[in-house]
1. Using the structure shown, decide if residue 73 is touching a residue at least 60 places away in the same chain (Cβ under 8 Å), surrounded by fewer than 18 Cβ atoms within 10 Å (Cβ to Cβ), more than 16 Å from the ligand (Cβ to nearest atom) and more than 23 Å from the chain's Cα centre (by Cα).
2. For segment 70-91, indicate whether the set of residues that are part of a helix (DSSP H, G or I) and under 25 Å from residue 10 (Cβ atoms) is non-empty.
3. Taking segment 93-114 on its own, how many of its residues are at pLDDT 95 or above and closer than 19 Å to residue 142 by Cβ?
4. Would you confirm, using the coordinates I've provided, whether residue 317 is more than 27 Å from residue 148 (Cα to Cα), modelled with pLDDT of 95 or more, within 10 Å of the ligand (Cβ to nearest atom) and outside any strand (DSSP E or B)?
5. Would you confirm, using the coordinates I've provided, whether residue 211 is more than 12 Å from the ligand (Cβ to nearest atom), modelled with pLDDT under 95 and out of contact with any helix residue (DSSP H, G or I) (no Cβ under 7 Å at 6 or more places or on another chain)?
6. Checking the structure you have, find out if any residue of segment 365-373 is under 17 Å from residue 111 (Cα atoms) and at pLDDT 95 or above.
7. Name the residues in segment 146-185 that are within 16 Å of the ligand (Cβ to nearest atom) and either without any contact (Cβ under 8 Å) to a residue 24 or more places away in the chain or crowded, with 24+ Cβ neighbours inside 10 Å (or both), would you?
8. Looking only at segment 267-282, which residues are within 16 Å of the ligand (Cβ to nearest atom), touching a residue at least 60 places away in the same chain (Cβ under 8 Å) and either touching a strand residue (DSSP E or B) at 6+ places or on another chain (Cβ under 7 Å) or not in a helix (DSSP H, G or I) (or both)?
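The values are calculated or read from the model by the stated rules, or taken from the named source; none is laboratory data. Predicted model only: the values in this text are computed from it and were never measured. Here the Cβ positions follow ideal geometry from the backbone for every residue, glycine too, while neighbour counts run over all protein chains shown.
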Ligand SMILES: *Cc1c(COP(=O)(O)O)cnc(C)c1O
């Protein structure tokens, strides 16, 4: 029997279009000539025929396919092994499948009854992450019951929202009345001056003002200096301030270097201060016996955030907010919502009362999928290799007279300068734009100790020595003409 005969017209079209899109995507991932070719935005809008497509819809399947091809021709091609730019996951070839399923059925995962499968997978993955932190106390990863004083968490849309959620929980802990009556004006948060900007942004959003973030001076690698932390703590306490939380970088976004987590944790325990580890990028080291030492002491924290859309090959966004103590999660937002917050009377695992989002995408399935495609060992190897390769690049650059690396890398992020005595900060930046214009490499730049550096993140699993040689070749060629 011809199975096609049993299908309705709409289904046939559905299958054909999906097959065509698959073919286009499969050629996209195999053609990797350029990383990025930037065009003028108007030119792209014209090429995508946005006005007509919006008004009249795609004319037919061919015009839909033409649109997709044009769309793909104006992308930053992360699958290119010379993509060394931002901390954005290079997905596996089949990573998009959960997103396709979601886009077809739309089952958000913040309410169990709106997406039971997605909710269960999210809870399962949270248990798995808690276990890596030694915060999971259940007998089995299928143990979904929560109780006081054990680890808990949920997934949310990105590290910035995750940090905001955690800082709000830290405030609820030290100043439970703030939720209703507004902030008491003496709360401060301490963290290395190299902390991600979203920490101070969160404090502003919370109405505490960005001045409530008190930066701890950093050493020559931009890591938190413990003696300075003690001094600042004494100083702010004398001024009548209360330390709401201390935040550690694991690792710092610009450098990829880890704060002294263990020492900071000990200090927080001694002083009874909420300790938050912003492990957006570096939490993945928990998966590796070899790299775990970077996170020594992390299990002593009160909260951790972990971006899966950076080093776990998960398409953005997907971040875990993890608490050592379930009470901190439930006491964060003190609100009633009659149509959504049912407390004990429903089975399951609604995350809506605890997240900033109301509706949220099913984040668990795409996180789970990354492992289900090839297994945990594969992701662990990928992480270890990426960390290793930045050390290889460090050696290559460090051997040369014309490059300068200010530190030995601890993760897969590395900063460096080309011809530091000849090219000032402005020229380093100019060099980056020229490299991007050339199109064969994509990298970023950052300020380190107030000076402009070029910055690479080794995040594509195929990046190899060959690409590092090409990087050096392109930089020396363009740089020598500046
Ligand atoms: C990337 C990063 C963030 C921000 O996370 P997003 O998911 O991009 O919002 C916060 N903190 C650190 C340390 C990071 O590396």
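1. Here the answer is no, as residue 73 does not meet what is asked.
2. The answer is yes; a qualifying residue exists.
3. 0
4. yes
5. no
6. Yes, that holds for at least one residue.
7. Answer for segment 146-185, where residues must be within 16 Å of the ligand (Cβ to nearest atom) and either without any contact (Cβ under 8 Å) to a residue 24 or more places away in the chain or crowded, with 24+ Cβ neighbours inside 10 Å (or both): 153, 154, 155, 156, 159, 162, 163, 165, 166, 167, 170.
8. Passing the criteria: 276, 278, 280, 281.
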